[in-house]
1. Taking +1 at the Cβ of each Lys and Arg and -1 at the Cβ of each Asp and Glu, which of Leu98, Ala145, Thr38 sits farthest along the dipole of region 11-154 towards its positive end, judged by Cα position relative to the Cα centre?
2. May I ask you to give the solvent-accessible area per residue for region 167-237, in square angstrom, as obtained with a 1.4 angstrom probe?
3. Using a 1.4 Å probe on the protein heavy atoms, what percent of the accessible area of the chain belongs to carbon and sulfur?
4. With +1 assigned to the C-beta of every Lys and Arg and -1 to the C-beta of every Asp and Glu, and no other charges, what is the dipole magnitude of the chain about the Cα centre in debye, to the nearest 20?
5. Provide the percentage of antiparallel DSSP beta bridges, counting only those with both residues in the chain; round to the nearest 5.
6. Once R0 is set to 35 Å, what does the formula 1/(1 + (r/R0)^6) return for the Cβ-Cβ distance between Ser136 and Thr158, expressed as a FRET efficiency to the nearest 0.05?
7. Would you work out the charge dipole size for region 139-256 about its Cα centre, treating the Cβ of every Lys and Arg as +1 and the Cβ of every Asp and Glu as -1, and quote it to the nearest 20 debye?
8. Just the number, please: Stokes-Einstein D of the chain in µm²/s, Kirkwood Rh from C-alpha pairs, 37 °C, 0.692 mPa s.
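The values are calculated or read from the model by the stated rules, or taken from the named source; none is laboratory data. Since this is a predicted model, take the numbers as computed values, not measurements. Glycine gets a Cβ as well: all are built from the backbone with ideal geometry, and neighbour counts include every protein chain shown. Calculation scope for accessible area: heavy atoms of the full protein, side chains included, ligands and nucleic acids excluded. Shrake-Rupley method; radii C 1.70, N 1.55, O 1.52, S 1.80 Å.
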Amino acid sequence: TMDGVASLVYYLSSMHSEVKKKSKLTYDATGAIRRGDTAAKRITLIFTGHEFADGGATIAATLKKHKVKGAFFFTGDFYRNSNFEELIQSLAGQGHYLGAHSDKHLLYNDWTSEKKLLVSEDQFIKDLNDNYLEMSKFGIERSAAPYYLPPYEWNDETITDWTTALGLELINYTQGTRSHADYTTPEDDNYQSSEVIYNSIMTYEKEQGLNGFMLLTHIGTDAKRTDKFYDRLDELIVYLKENGYTFVSLSEQLEN
């Protein structure tokens, strides 16, 4: 009956809320996971990719050097780009998490505070399924990639709910530093140099700590940005390790 269905939905919703209340994870207002256990000096490095992958070799080599497992969220367009095929296979072979970032890098909500929805549920589902279809060509099954990072790192509660209905968990980067601005180019009003980005991470670490952080940067950026932040990844990892942080995989960060 409809009453029975409604009761079941309410029960499952309540259970989901209870899990969140008991969890050591931090969620934002949309229900997305934003941070791991703030009592543990553990950091997870997250990378997104759509058009560019110029930092791929540098990032992969740096992570391998430090025995760090990163989490890479790529669009369907990224996965189907033949120029990136070898890189994707290499990252998979090194045991990094490879996830979805929307097939066509859709903008789900407008940039106003109201976050007006710009896609239908059918559009959302088809786009995300298409992303996972491209991933399956690399042997990445949905069950091995349950965490989803929204395009533009921008969503509302409806998008989170639609993601949950597909059996996936929506996550987003931990806010507080400027790491995510490493894509900006000098002509942008919001341009952030690598020095500014690096110092923002240092400052936040000193003032509030990076416990449970999911630190997001990009696997590649426009050629117009010659000041590449991924060239400082090695320096960043060394500094944070010296300050007592452990770098953990996404599953370690979110499931333990």
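1. Among Leu98, Ala145, Thr38, the one farthest towards the positive end of the dipole of region 11-154 is Thr38.
2. Values: 2930 Å² over 71 residues.
Per-residue accessible area for region 167-237 comes out at 41 Å².
3. On the way: 6350 of 12400 Å².
With neighbouring chains kept in place, the figure for the chain is 51 percent.
4. 960
5. Values: 3 of 23 bridges.
Just about 15 percent of them are antiparallel.
6. So, using R0 = 35 Å, E works out to roughly 0.85.
7. Numbers: 8 positive and 21 negative charges, 44 e Å.
Here the size comes out at about 220 debye.
8. Working: Rh = 19.0 Å.
Once the numbers are plugged in, D ends up at 173 µm²/s.
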